[in-house]
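Encoded as C-alpha cells, the structure appears first; notes follow it.
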Amino acid sequence: MRAFTTLKALVAPLDQSNVDTDAIIPKQYLKSIQRSGFGPNLFDNWRYLDEGGPEIDNSKRRLNPDFVLNKNRYGGAEILLARENFGCGSSREHAVWALDQQGFRCVVATSFADIFYNNSFKSGFLPVQLNEEQMDVLFRECEETGGYELTVDLESQSVTTPSGQSFAFEIDAFRKNNLLRGLDDIGLTLEHADQIRDYEKRRAVETPWLFSE
Amino acid sequence: MAGKTLYDKLFDAHVVRTEEDGTALLYIDRHLVHEVTSPQAFEGLKLANRELWRKEAILAVVDHNVPTTDRSGGSAGIVDNTSRLQVTTLDANAADHGLTYFDINDVRQGIVHVIGPEQGATLPGMTVVCGDSHTSTHGAFGALAHGIGTSEVEHVMATQCLVQQKMLNMLVEVDGVAADGVTAKDIALHIIGEIGTAGGNGCAIEFGGSAIRALSMEGRMTLCNMAIEGGARAGMVAVDQTTIDYVLDRPFSPGPEHREVAIAAWNELHSDEDAHFDRRVSIAAEDIKPQVSWGTSPEMVAPVDDQVPNPETEQDPVKADGMRKALAYMNLKAGTPITEIPLDKVFIGSCTNSRIEDIRAAAAVIKGRKVAANLKLAMVVPGSGLVKKQAEEEGLDKLFTDAGFEWREPGCSMCLAMNADRLEPGERCASTSNRNFEGRQGAGGRTHLVSPAMAAAAAIAGHFVDARHY
C-alpha cells in the first residue's frame, strides 16, 4: 500500500452533504474486473452532459460546465472538500479507486459513511474529519482564494490553511501507523496466523456447528 | 459492571487479538461473495501467491449482472459484454478454488442477501461479511453482519479475519402495534426519516421493542437491510423463537447432533437488561404510516397522506439546498400531494423486498385487478429461484401476469440497473428497493421507495395511493 505522510496541494470544493458512492462512480463502471481505469468516470453523471458507459470513449463526451470540478481553477486538485456523510450508500471500493485515479489523495469532510472511511485507507487515501465550523472556514476560503492550497499532515494530525490556521483531526493509532508506513494489511494479519488457528481450534469446540464442514 | 449489548457479545466472541489502541482482529464465520466486488480480490490473491484461508466459509452466487429474462444460454448467453465477463469471471474463480457456488442456472441462485438466510448459511451468532453494503440484512438473525470493500474481501479470503475498530452501540426501539398495512419497510423508512441517513454513522444499530418482536424474519431482514441507509454498517435484532424456528432444517443449518447446544447458545444472543447504549431512539409504532420517498436520499420520506415538503421552510441552509436539488432532479413541486404523483414503472424486488412474504403482500393487492394504462412496465423479480418456485406453487405468478405484471427470473435487477432492467431518463418508478439516489435505477431515472403493498397498489392506480384503503 502507498504511504501517506504529508500533502500540500490544491483544493476543490464539493459543497454537498450525502454524496453517495453511486454518484462518485455509477454502477455501469463497476462491471470492470480491473482495479484501474475509473478516474475518467469519477462523478460521471454530474461531470458529463451526455450518457457514458464502460465501452464509451470519455474524451469525446461533453463536459458539464456547471459542475464545480470541471472549472479550470480546480484542475489538478488533490484535496476534496465535502460536507456530512460523504461516501454513503454502496460499499463499492471503486469509489475510492475513482477518486484516487483522478488524482485526489485526501477528502476533508464533516463526516464520512463508515464503509467508505474504511475503504479509503486500503488505497493510501486519507479521509479527514473536521467539524462544521472548520469546514465552513475551508469552503469560504477556497471559494474566495484562487489557487487555494491546504497542508494535510498525518504525523501531526493537522490541516493547515495558507494563512497558518491549523485544525487538528482524529485518527486511530493503528490505522495512522499503517498509513504512515504504507504497510500491507494482509501481510500484517498473516503474521498472526498462529493466533487465528488457535482461535479456530477453540471455536470448533465451543461452536462445533460452525466448523462441521 | 454494566451488562453487554448484543453487539458487544457478538464482537467479543470473535476477537482473535487486540492492538494497543483497541483495534481488533475479528474472525469471520461466513463470507458471501458475488461477481461485482470479488474479481479484483481473487486477482490480488493470485498476484501475491496467497491461498484462501478457509474456502468452506465462502458461499458464492451471481446476482447483480444476471438477466431476469431468458437464461437458456447460461453465463455465455448474457448479451452485455461487460456483464458477461464479470459473471464468467466468477464462474472461473469459483471452479478454480472449489467454492460452493450457485451459478446462473442453479435453482438456488438469487440475491446474495436472500439466499444466505434461505440456505441456513446465515446463522445466529455468526460474523457475516460480503462486498455489498446490504449485508446488514443478515443481522436480523442476531448475527454481526456488514458490508466491506474489495480490499477487505481479499483480506477475509486470505486470513478469515478483518481488522476492525469497535463501533458504538445504538438502540432503536419501536414499541406498540403497527397499524394493519404498515410493514417493516414503512418502519425502516420512518426510522431513517427520523434519524437521517447519517444518524447511525459509527454505530451498530440494534432494533428492539414490541413492534420489532412482532415482525417475521422476512420483516426483520427488510429492516436490518436498510440499517445502512440510516448510516449504520450493521443492524441487528435479538434472537427469539421466531429466529430459531426460521433457521432450523435448512441445508447449512446445524445437524441434529449439534442442534441442542446451538439453540442454547443462540438463546443468549440478546442485550443484557443493564447493557449500555451510546445512543437511544424511541419510536411509537402507532405513529408510523405507509411511507413514500420523494427525494434522492432515503431520509427524504413522507407519509402517503402528506405532501412534497417545501425547502423554503427548512432552517439548515445545506439541507435546504439538498432539498432543492432533489426536487429539481425528481421534477416535483413542493406542496404536491404524494397521492398525485403519477408513475411510469413499478419494480417489486431487491434484497430489501423480494422474499415470499413480500410477494404475497403485493399479490394480495393486485389480485383480480389490472395494471393502470399509464404504466409502461410493472415487474416482479423474486429474490431467488426458490422464492420464485414457491410463489409459483402458490399460484402467485398467475395473479401477477393476469394483472399485467411481468414475472421475471431472480436477481438484483432494477434496484441498481447493472443488468438490462433500468429506468430511462425522466422515468418515474415506485420501487420496493432501498436507494433513491440520482441515477440509481438508470441515468436520469426517478425512484420512489415504498413497501411491496404500496408498490402493488400504485401499479393498479397509476399513482401513489394508501394501500391500507385500497
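Taken over region B:412-444, the criterion of being touching an Asp or Glu at 6+ places or on another chain (Cβ under 6 Å), surrounded by fewer than 24 Cβ atoms within 10 Å (Cβ to Cβ) and free of Cβ contacts under 8 Å to residues at least 40 places away in the same chain is satisfied by B:ALA443 alone. Out of all the residues in region B:306-328, which are outside any helix (DSSP H, G or I) and surrounded by 15 or more Cβ atoms within 10 Å (Cβ to Cβ)? B:ASP306, B:GLN307, B:VAL308, B:PRO309, B:GLU314 - these are the residues of region B:306-328 that are outside any helix (DSSP H, G or I) and surrounded by 15 or more Cβ atoms within 10 Å (Cβ to Cβ). A search for C-beta distances below 9 Å between a residue of region A:53-67 that is within 14 Å of chain B (Cβ to nearest Cβ) and any residue that is among the β-branched types (Val, Ile, Thr) and surrounded by 14 or more Cβ atoms within 10 Å (Cβ to Cβ), counting only pairs 6+ apart in sequence or on different chains, returns A:GLY53/B:THR82; A:PRO54/B:THR82; A:GLU55/B:THR82. Among the residues making up region A:29-49, those that are closer than 21 Å to A:LEU14 by Cα, within 13 Å of chain B (Cβ to nearest Cβ) and either in contact with a Gly (Cβ under 9 Å, 6 or more places away or on another chain) or not basic (Lys, Arg) (or both) are A:PHE38, A:ASN41, A:PHE43, A:ASP44, A:ASN45, A:TRP46, A:TYR48, A:LEU49. Take region B:181-202 and flag every residue that is touching a strand residue (DSSP E or B) at 6+ places or on another chain (Cβ under 9 Å), touching a residue at least 60 places away in the same chain (Cβ under 8 Å) and facing chain A (nearest Cβ under 9 Å). Listed by number, the list holds a single entry, B:THR197.
Starting from residues that are in a strand (DSSP E or B) and farther than 25 Å from A:ASP172 by Cα, keep the ones in region B:147-180 and report whichever is nearest to the other protein chains (Cβ to nearest Cβ).
Pass one, region B:147-180, residues in a strand (DSSP E or B): B:147, B:161-164, B:168-175.
Retained after the next criterion (residues that are farther than 25 Å from A:ASP172 by Cα): B:172-175.
Numbers: B:VAL172: 17, B:GLU173: 22, B:VAL174: 23, B:ASP175: 27 Å.
My answer is B:VAL172.
For region A:87-127, the tally of residues that are of a type in the set (Lys, Arg) and either away from chain B (no Cβ under 12 Å) or part of a helix (DSSP H, G or I) (or both) stands at 1. Count of region A:83-112 residues, restricted to those that are touching a helix residue (DSSP H, G or I) at 6+ places or on another chain (Cβ under 8 Å) and on the phi > 0 side of the Ramachandran plot, is 3. Among the residues making up region B:267-302, a single one is touching a Pro at 6+ places or on another chain (Cβ under 8 Å), in a loop (DSSP other than H, G, I, E, B) and surrounded by fewer than 21 Cβ atoms within 10 Å (Cβ to Cβ): B:LYS289.
Return the residues of region B:103-118 that are farther than 17 Å from B:GLY235 by Cβ and either free of Cβ contacts under 8 Å to residues at least 60 places away in the same chain or within 14 Å of chain A (Cβ to nearest Cβ) (or both); say none if nothing qualifies. If the condition is that a residue be farther than 17 Å from B:GLY235 by Cβ and either free of Cβ contacts under 8 Å to residues at least 60 places away in the same chain or within 14 Å of chain A (Cβ to nearest Cβ) (or both), then B:ASP103, B:ILE104, B:ASN105 are the ones that fit. From the list B:GLU20, B:GLU43, the one residue that fits, being of a type in the set (Asp, Glu), free of Cβ contacts under 8 Å to residues at least 12 places away in the same chain and surrounded by 17 or more Cβ atoms within 10 Å (Cβ to Cβ), is B:GLU43. Taken over region B:369-400, residues that are part of a loop (DSSP other than H, G, I, E, B), surrounded by fewer than 17 Cβ atoms within 10 Å (Cβ to Cβ) and in contact (Cβ under 8 Å) with a residue 24 or more places away in the chain amount to 5. In this structure, does B:CYS224 turn out to be away from chain A (no Cβ under 14 Å), in contact with a His (Cβ under 8 Å, 6 or more places away or on another chain) and touching a residue at least 12 places away in the same chain (Cβ under 8 Å)? So B:CYS224 fits the description; yes. Looking across region B:267-326, just one residue is under 22 Å from the mean Cα position of the chain (by Cα), within 22 Å of B:VAL174 (Cα to Cα) and among the hydroxyl-bearing types (Ser, Thr, Tyr), and that is B:SER293.
Of the numbered criteria (1) within 13 Å of another protein chain (Cβ to nearest Cβ); (2) buried (at least 21 other Cβ atoms within 10 Å of the Cβ); (3) not aliphatic (A, V, I, L, M), the one B:GLU218 fails is (1).
Conditions (1) over 28 Å from A:ASP114 (Cα atoms); (2) of a type in the set (Asp, Glu), marked per residue:
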site	(1), (2)
B:ALA57	no, no
B:VAL62	no, no
B:GLY77	yes, no
B:THR82	yes, no
B:GLY98	yes, no
B:ASP103	yes, yes
B:GLY110	no, no
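Checking every residue in region B:391-408 against the condition of being modelled with pLDDT of 95 or more, within 16 Å of B:VAL66 (Cα to Cα) and of a type in the set (Phe, Trp, Tyr) gives at least one match.
Considering each residue of region A:69-80, count those that are buried (at least 16 other Cβ atoms within 10 Å of the Cβ) and not in a strand (DSSP E or B), and give that number. Don't jump to the end; show me each part of the working.
Residues of region A:69-80 that are buried (at least 16 other Cβ atoms within 10 Å of the Cβ), as a first pass: A:69, A:74, A:77-80.
If we keep only those that are not in a strand (DSSP E or B) as well, we get A:69, A:74, A:77-78.
Final tally of qualifying residues: 4.
The values are calculated or read from the model by the stated rules, or taken from the named source; none is laboratory data. Bear in mind that the values here come from a model prediction, so they are computed numbers and not experimental data. As a convention, Cβ positions derive from the backbone with ideal geometry for all residues, glycine included, and neighbour counts pool all protein chains shown.
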